[in-house]
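Engineer: This structure is in structure tokens; I'll ask about it shortly.
The values are calculated or read from the model by the stated rules, or taken from the named source; none is laboratory data. It should be emphasised that the depicted structure is a prediction, and the values quoted were computed from it without experimental measurement. Here the Cβ is made from the backbone with ideal geometry for all residues, glycine too, and neighbour counts use every protein chain on show.
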Amino acid sequence: MVVEAVRGARVVVTGAGGGIGAALARRFAAEGARVVVNDLDADAARTVADEIGAAVVPGDASGIVPAARTALGGGIDIFCANAGVGTGGGPEADDAAWELAWDVNVMAHVRAARALLPGWLERGEGRFVSTVSAAGLLTMIGAAPYSVTKHGALAFAEWLSLTYRHRGIHVHAVCPQGVRTAMLRSTGAAGDLVLAPNAIEPEDVAEAVLDGIAADRFLILPHPEVAGYYAARAAEPDRWLGGMNSLQRTYEEMQAASEVGQAPANTPAREGEPA
């Protein structure tokens, strides 16, 4: 499949040192795009970039637009806000954990859009791809900072789309469930219960993204069943919450029986996309 919107496009993928981000970078390059690979892990970013013949701009995703624009010869056509942080726990998680989740999962998207929109609006074209997670449509047990900020990421993507679509700005919200990445492995019992049984490969997510771009769909669901869960949540919220509470109780039982030495639930983990 050749996606005309991607062929020859100048593309930035944040959090692309591994996982979904690396799969996206490879897929865009295979479609003939010029790609910038970004990751906090500079060595990982360079490895992916060298593999696909891309430029590399390592560092915090929040402020890479100027350097990425220069690396691509002066412009960006597609920006994939893919970097994310998975932070577990609930209200007891400390302020630093909540602030990190907010900064990476929401404000990095805001800062990127702030830098990109003036140029895109002037020329009447641009594409913003936000890796949100199904947690942004639903929720994730054991991970309040992650769930709340992924809801925020979805809300920001929706706002961008409804505000600018008539001015040539295309926005996509990518909402996978479990994806076989290091991030999934860090989720412990909650991930084993909710995400692992139907986990897919990062390449499956990248393929879904290219399909979504080709169809110009806002909501990209690598796990199609999420659409049904989302509809049930909206139509019968109390029933849906009851079902999720049943999962929560099972999770608590699994936690009680877990082996000593498991990483604490509020340990943040970084990757291209928290599953």
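Engineer: Looking only at segment 126-147, filter to residues that are within 14 Å of the chain's Cα centre (by Cα) and not in a strand (DSSP E or B); which one of those is nearest to residue 69 (Cα to Cα)?
Structural biologist: Filtering segment 126-147 for residues that are within 14 Å of the chain's Cα centre (by Cα) and not in a strand (DSSP E or B), the one nearest to residue 69 (Cα to Cα) comes out as 132.
Engineer: Does at least one position in segment 139-162 carry a residue that is over 20 Å from residue 224 (Cα atoms) and of a type in the set (Asp, Glu)?
Structural biologist: The answer is no, given that none of the residues of segment 139-162 is over 20 Å from residue 224 (Cα atoms) and of a type in the set (Asp, Glu).
Engineer: Quick check on my filter: what residues within segment 44-97 are among the hydroxyl-bearing types (Ser, Thr, Tyr) and under 18 Å from residue 120 (Cβ atoms)?
Structural biologist: 70
Engineer: Of everything in segment 1-41 that's part of a loop (DSSP other than H, G, I, E, B) and among the β-branched types (Val, Ile, Thr), which residue is farthest from residue 128 (Cα to Cα)?
Structural biologist: This residue is 2.
Results for (1) crowded, with 22+ Cβ neighbours inside 10 Å; (2) not hydrophobic (A, V, I, L, M, F, W, C), shown as yes or no for each residue.
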{"residue": "27", "(1), (2)": "yes, yes"}
{"residue": "30", "(1), (2)": "no, no"}
{"residue": "48", "(1), (2)": "yes, no"}
{"residue": "54", "(1), (2)": "yes, no"}
{"residue": "57", "(1), (2)": "yes, no"}
{"residue": "60", "(1), (2)": "no, yes"}
{"residue": "94", "(1), (2)": "no, yes"}
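Engineer: On to the next question. What are the pairs, 6+ residues apart or on separate chains, where a residue within segment 93-108 that is at pLDDT 95 or above and of a type in the set (A, V, I, L, M, F, W, C) has its Cβ under 9 Å from a residue that is assigned to a helix (DSSP H, G or I) and surrounded by fewer than 17 Cβ atoms within 10 Å (Cβ to Cβ)?
Structural biologist: Final answer for the pair search is 106/155; 108/63.
Engineer: Scan segment 102-119 and give yes if some residue there is over 18 Å from residue 64 (Cα atoms) and more than 15 Å from the chain's Cα centre (by Cα), otherwise no.
Structural biologist: No; the residues of segment 102-119 include none that is over 18 Å from residue 64 (Cα atoms) and more than 15 Å from the chain's Cα centre (by Cα).
Engineer: Further, regarding this structure: Pick out the one residue from 44, 101, 93 that is on the phi < 0 side of the Ramachandran plot, among the small types (Gly, Ala, Ser) and not in a helix (DSSP H, G or I).
Structural biologist: After applying the criteria, what remains is 93.
Engineer: To continue, here is another question. Can we say residue 201 is out of contact with any His (no Cβ under 7 Å at 6 or more places or on another chain) and modelled with pLDDT of 95 or more?
Structural biologist: The answer is no for residue 201.
Engineer: Another one. (1) surrounded by fewer than 21 Cβ atoms within 10 Å (Cβ to Cβ); (2) at pLDDT 95 or above: which one isn't true of residue 38, the others all being true?
Structural biologist: The single condition residue 38 does not satisfy is (1).
Engineer: Scan (1) surrounded by fewer than 17 Cβ atoms within 10 Å (Cβ to Cβ); (2) modelled with pLDDT of 85 or more; (3) within 28 Å of residue 97 (Cα to Cα); (4) not polar (S, T, N, Q) for the single condition residue 256 breaks and write down its number.
Structural biologist: That leaves (2) as the condition not met.
Engineer: Residues 212, 228, 261: which one is in a helix (DSSP H, G or I) and either loosely packed, with under 13 Cβ neighbours inside 10 Å or modelled with pLDDT under 90 (or both)?
Structural biologist: Answer to the check: 228.
Engineer: Let me ask another. So residue 178 clears everything in (1) at pLDDT 95 or above; (2) in contact with a strand residue (DSSP E or B) (Cβ under 8 Å, 6 or more places away or on another chain); (3) buried (at least 20 other Cβ atoms within 10 Å of the Cβ); (4) not hydrophobic (A, V, I, L, M, F, W, C) except one condition, right? Which one?
Structural biologist: (1)
Engineer: Looking only at segment 1-35, how many residues end up being closer than 16 Å to residue 65 by Cα and touching a residue at least 40 places away in the same chain (Cβ under 8 Å)?
Structural biologist: Residues meeting the conditions: 8.
Engineer: Filter segment 62-92 for residues that are more than 14 Å from residue 13 (Cβ to Cβ) and of a type in the set (S, T, N, Q); which is surrounded by the most Cβ atoms within 10 Å (Cβ to Cβ)?
Structural biologist: Step by step, filter segment 62-92, then rank; the result is 87.
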